[in-house]
Each structure stands twice: as C-alpha cells, then as structure tokens.
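**Q** Attaching a single structure in structure tokens format; questions to follow.
The values are calculated or read from the model by the stated rules, or taken from the named source; none is laboratory data. Nothing here was measured: the structure is a model prediction, and the numbers come from that model. Every residue, glycine among them, receives a Cβ derived from its backbone with ideal geometry; neighbour counts consider all protein chains shown.
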Amino acid sequence: MPEVAVAFPNDETSAEVIAERLRAEQIPARVDRGLWGSGYQVPGPRGHVTVLVRAEDAARAHEVLGTRPAEGREPGGMFWGFLGFVVLVLVFSVVAVIATALR
C-alpha cells in the first residue's frame, strides 16, 4: 500500500508526537528515521525524520495536522538555462572530438 509523507519534523521526538496525534484520530502513521536503505528518504534541508500515512488517509491527516500537501512545481528558468548549457557543452565536446579525429 503506498505511503505519503505528511510531516517532516526536525527530530524523532516531534515525529513521534505527530504520529501519535494521527493515531489518536484512527489514522495509522509510521515514523521513518531516514536511515540508509529505508523505503522513504527526503533529500534537502528538511529533517531526516518523516511521518508517513497511507495514501488514502493523507487528506485527513493534513486536515488533522493543519498542514497542506506539498505542491508539485514546474521547473523554473534556472533549470532550463542550466539544461541548455549542459547540452551546448556536450554538443561542443562531440564536435571537438570529431574534428580532432578527422585531422
């Protein structure tokens, strides 16, 4: 059954409190400590502790916690600019290798 992250506390104690709050509302919750090899890992500046619930319970869990689900974002201009730069470097490298080989 797929799980969804509903909270990203900075420490294990806070995660357990959040999970217990959800369990009190009959929402099964699990705390993932972000250990290597775990099923769910969150990269970035957030804590390595994640509170997970079943996908079908996610909306209710957010309601109980007073949070909103993370919204997907479209790649911005910086991403596309960087991608264009990488493509140009690769094309230039291929042309340079071919030109060198033909000499």
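**Q** Could you tell me which residue of the stretch 14-40 is nearest to residue 62 (Cα to Cα), considering only residues that are hydroxyl-bearing (Ser, Thr, Tyr) and at pLDDT below 90? Let's see the steps before the verdict.
**A** Step one: filter the stretch 14-40 for residues hydroxyl-bearing (Ser, Thr, Tyr), giving 14, 38, 40.
Checking the rest, the ones that are also at pLDDT below 90 come to 38, 40.
Details: 38: 23, 40: 18 Å.
My answer is 40.
**Q** Can you tell me how many residues within the stretch 44-59 are closer than 11 Å to residue 8 by Cβ, at pLDDT 50 or above and out of contact with any Gly (no Cβ under 7 Å at 6 or more places or on another chain)? Don't jump to the end; show me each part of the working.
**A** Taking the stretch 44-59 first, the residues closer than 11 Å to residue 8 by Cβ are 44-52.
Still in the running and at pLDDT 50 or above: 46-52.
Then drop every residue that is not out of contact with any Gly (no Cβ under 7 Å at 6 or more places or on another chain), which leaves 46-47, 51-52.
Qualifying residue count, the stretch 44-59: 4.
**Q** Turning to a different aspect of this structure: Determine which member of the set 96, 101, 61 is closer than 30 Å to residue 31 by Cβ and either among the aliphatic types (A, V, I, L, M) or part of a loop (DSSP other than H, G, I, E, B) (or both). Break it down into steps so the answer makes sense when it comes.
**A** Working: 96 fails: closer than 30 Å to residue 31 by Cβ; 101 fails: closer than 30 Å to residue 31 by Cβ.
Testing whether each residue is closer than 30 Å to residue 31 by Cβ and either among the aliphatic types (A, V, I, L, M) or part of a loop (DSSP other than H, G, I, E, B) (or both) leaves just 61.
**Q** Continuing with this model, one more query. Among the residues of the stretch 65-72, is there at least one that is surrounded by 12 or more Cβ atoms within 10 Å (Cβ to Cβ), modelled with pLDDT of 85 or more and part of a helix (DSSP H, G or I)?
**A** The answer is yes, given that some residue of the stretch 65-72 is surrounded by 12 or more Cβ atoms within 10 Å (Cβ to Cβ), modelled with pLDDT of 85 or more and part of a helix (DSSP H, G or I).
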